[in-house]
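These notes are about the structure you will find just below.
The values are calculated or read from the model by the stated rules, or taken from the named source; none is laboratory data. Being a predicted model, the structure only gives us computed values, none of them experimental. Glycine also receives a Cβ, built like all others from the backbone with ideal geometry; neighbour counts cover every protein chain displayed. Side chains are part of the model used for accessible areas, which takes the heavy atoms of the whole protein and leaves out ligands, DNA and RNA. Shrake-Rupley method; radii C 1.70, N 1.55, O 1.52, S 1.80 Å.
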2 protein chains.
Amino acid sequence: MAVYTEVGDAELEAFLADYDIGEAEAFKGIAEGVENSNFLLTTTRGQYIVTLYEKRVDPKDLPFFLGLMGHLAARGINCPQPIHGRDGKALRQLAGKPAAVTSFLHGMWPRRIAVKHCGPVGEALARLHLAGRDFELKRPNALSVADWRPLFEASRADADSVAEGLVRELDAELAFLEAEWPRDLPSGVIHADLFNDNVFFLHDRLSGLIDFYFACNDALAYDVAICLNAWCFEPDRSFNTTKARALLQAYEKVRPLESAERQALPRLARGASLRFLLTRLYDWIHTPATALVKRKDPLEYLAYLRFHRSASSLASYGL
Amino acid sequence: MAVYTEVGDAELEAFLADYDIGEAEAFKGIAEGVENSNFLLTTTRGQYIVTLYEKRVDPKDLPFFLGLMGHLAARGINCPQPIHGRDGKALRQLAGKPAAVTSFLHGMWPRRIAVKHCGPVGEALARLHLAGRDFELKRPNALSVADWRPLFEASRADADSVAEGLVRELDAELAFLEAEWPRDLPSGVIHADLFNDNVFFLHDRLSGLIDFYFACNDALAYDVAICLNAWCFEPDRSFNTTKARALLQAYEKVRPLESAERQALPRLARGASLRFLLTRLYDWIHTPATALVKRKDPLEYLAYLRFHRSASSLASYGL
């Protein structure tokens, strides 16, 4: 849920005058996206999303994010398409914040993940990877293996109060992953945050992908590993191999994994678990319990991490 | 900003099957309404609002609220119109909460109140009062003069920590209003919460009134007094007589105030200030500073109250 900035009606009118998308008929803050303020804009022409980029997004990354969405949309990926103003620009200012208008995607994100969702997600992820191959801009992953230790250090003092023995377990995990992190895998643009609230479905068909504000260049198989974490665990933290198989098989129909990627998958999945565990742990420790943004339980990802650590082979993932 | 309850996609589908409004194409939580959860529903037929009634609304009041909106809409008032299901019912359950679908109103609420808004608000309020005359259901005002003292008592212990001398000032004000509260004024259905975020404008014309969840039966002129508080003070807490004159004159073009109502206006305005001061004071004291709902400064209304107390005649309101 996120509306951090109020937009005045006169400001909005002036902002929209730079676009050729009709006149505003409604403008409502929506509970979508955690990092930015999002508004649903209804004009005489249709529906749009207006995003104000708040402080957790680095303005210098915006050309990458907006350029990528435009690039992917032009290649048939259903994602928010940045709308260019009369001056050709997609990025301008609104209420003192960087802001952009994007197309409105139909569909709803699945509140309860079922097996039927996992195949379409795998397929869409592979299509995204292929469509991103010739995108020219680059953005390194700011939350990859080298970044995890500093993130952990910022939470170390309080980590054992979240779970007994957590410091020792994470220290060991970090040491392992820093030594054994897969290098030289096929890389390209990854979404890096393809959780269920970023995937829309309509009548059981995947209708769109949103929230590209963690997208970056990294190993493609790491994106697959993130999705295994995001889509294949049950509410009781058990791993659903049927979901994993559906996701991986559908991915491979579009883009078969190379042998090195398959071998790396358990380690990549451990890394993906650790990445979300560490950001959640940081937020858990540094965000007041009653704050505007609801904290997510970091221990969920500790359970996921332990599953991947115990995964002896690819059979654990249904391969 | 308010989405307190998550709605599952299967739940939504089952809910909509009881209506004849097309199939869902999007469903987004919106930052509108403080008491309830509101969602913007886009279907193959158009846009609608789905409201889930949360714990601050008494379910037994819902037939009054929904009935009133239907009654007013049928008489040409632009307000959310409850959509009836195939069984004729407007009220059912969604995600375990009472829920209703209403029509979608175009327009945006003015973030910065200007003189040009005040005339249309006065006119719309008078039209609302006339249109409500033959509404059959009754709901007493749960926040009128008899309710203020208990509300104050619940905050008394901490009130002086909010502003020095507040307890003594409010004690005296309550004693005055309990003795001098105007009785036997023309009464009927009042909105009772017609603040700027409940009034939509489109191209400088008033396009709709929303949020009827404080509506009740009370003195019509008390509703006017609430609007004087809500629309005619500047951000620096000074009173703008030009705005008041515009509001009152436009009101009187539709429904002239009776002599008793005019004489009562300063006292009604004091009462209206006190009512919002007391609910804000209660929330200020009983809500953690970092909670999900942003607290509003009660002292704003102390300034308004003092203005009305000093108002020696109707000339203060531009009459």
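Observations on the model:
- Residue in region A:258-281 that is touching a Lys or Arg at 6+ places or on another chain (Cβ under 8 Å) and part of a loop (DSSP other than H, G, I, E, B) present: no
- Scanning region A:215-250 for residues being closer than 24 Å to A:Val57 by Cα, touching a helix residue (DSSP H, G or I) at 6+ places or on another chain (Cβ under 9 Å) and surrounded by fewer than 20 Cβ atoms within 10 Å (Cβ to Cβ) gives a total of 0.
- Any hit, region A:189-205, residues being part of a helix (DSSP H, G or I), at pLDDT below 95 and under 14 Å from the mean Cα position of the chain (by Cα): yes
- Selection status of A:Ser155, free of Cβ contacts under 8 Å to residues at least 24 places away in the same chain and assigned by TED's automatic domain parsing to the domain that holds A:Glu252: no
- Criterion violated by A:Ile113 - all others in (1) aliphatic (A, V, I, L, M); (2) under 20 Å from A:Lys243 (Cβ atoms); (3) assigned to a loop (DSSP other than H, G, I, E, B); (4) more than 14 Å from chain B (Cβ to nearest Cβ) satisfied: (4)
- Any chance A:Arg237 is outside any helix (DSSP H, G or I) and out of contact with any Lys or Arg (no Cβ under 9 Å at 6 or more places or on another chain): yes
- With respect to being at pLDDT below 95 and buried (at least 19 other Cβ atoms within 10 Å of the Cβ), A:Tyr317 fits the description.
- Verdict on A:Arg275 being open to solvent by 10 Å² or more (accessible area, probe 1.4 Å) and either small (Gly, Ala, Ser) or touching a residue at least 40 places away in the same chain (Cβ under 8 Å) (or both): yes
- Residues of region A:4-21 that are touching a strand residue (DSSP E or B) at 6+ places or on another chain (Cβ under 8 Å), closer than 12 Å to A:Thr43 by Cα and away from chain B (no Cβ under 11 Å): A:Leu16, A:Tyr19, A:Ile21.
- Residue satisfying condition, being open to solvent by less than 30 Å² (accessible area, probe 1.4 Å), touching a Leu at 6+ places or on another chain (Cβ under 7 Å) and of a type outside the set (Phe, Trp, Tyr), within set A:Leu16, A:Leu40: A:Leu40
- Residues satisfying the stated conditions in region B:150-185, i.e. open to solvent by 30 Å² or more (accessible area, probe 1.4 Å) and either in contact with a strand residue (DSSP E or B) (Cβ under 7 Å, 6 or more places away or on another chain) or charged (D, E, K, R) (or both): B:Glu153, B:Arg156, B:Asp158, B:Asp160, B:Glu164, B:Arg168, B:Glu169, B:Asp171, B:Glu178, B:Glu180, B:Arg183, B:Asp184
- Answer from A:Leu137, A:Leu105, A:Leu143 - the residue that is in a loop (DSSP other than H, G, I, E, B), of a type in the set (A, V, I, L, M) and open to solvent by 50 Å² or more (accessible area, probe 1.4 Å): A:Leu137
- Candidates are the residues of region A:22-36 that are more than 16 Å from B:Ala31 (Cα to Cα) and surrounded by fewer than 19 Cβ atoms within 10 Å (Cβ to Cβ); the one that is farthest from the other protein chains (Cβ to nearest Cβ) is A:Gly22.
- Looking at A:Pro59, A:Pro63, just one residue is without any contact (Cβ under 8 Å) to a residue 40 or more places away in the chain, under 20 Å from A:Asp211 (Cβ atoms) and away from chain B (no Cβ under 11 Å), and that residue is A:Pro59.
- Residues considered: B:Phe195, B:Phe201. Of these, the only one that is in the same structural domain as B:Ala272 (by TED's automatic domain parsing), within 28 Å of B:Asp297 (Cβ to Cβ), open to solvent by 10 Å² or more (accessible area, probe 1.4 Å) and free of Cβ contacts under 8 Å to residues at least 40 places away in the same chain is B:Phe195.
- Residue check, B:Gly76 open to solvent by 30 Å² or more (accessible area, probe 1.4 Å), among the small types (Gly, Ala, Ser), more than 13 Å from chain A (Cβ to nearest Cβ) and without any contact (Cβ under 8 Å) to a residue 60 or more places away in the chain: yes
- If you go through region A:90-102 and keep only what is open to solvent by 40 Å² or more (accessible area, probe 1.4 Å) and either facing chain B (nearest Cβ under 10 Å) or assigned to a strand (DSSP E or B) (or both), you end up with A:Gln93, A:Lys97.
- Taking the criterion of being within 12 Å of another protein chain (Cβ to nearest Cβ) and open to solvent by less than 30 Å² (accessible area, probe 1.4 Å), the only residue of region B:116-134 that qualifies is B:His117.
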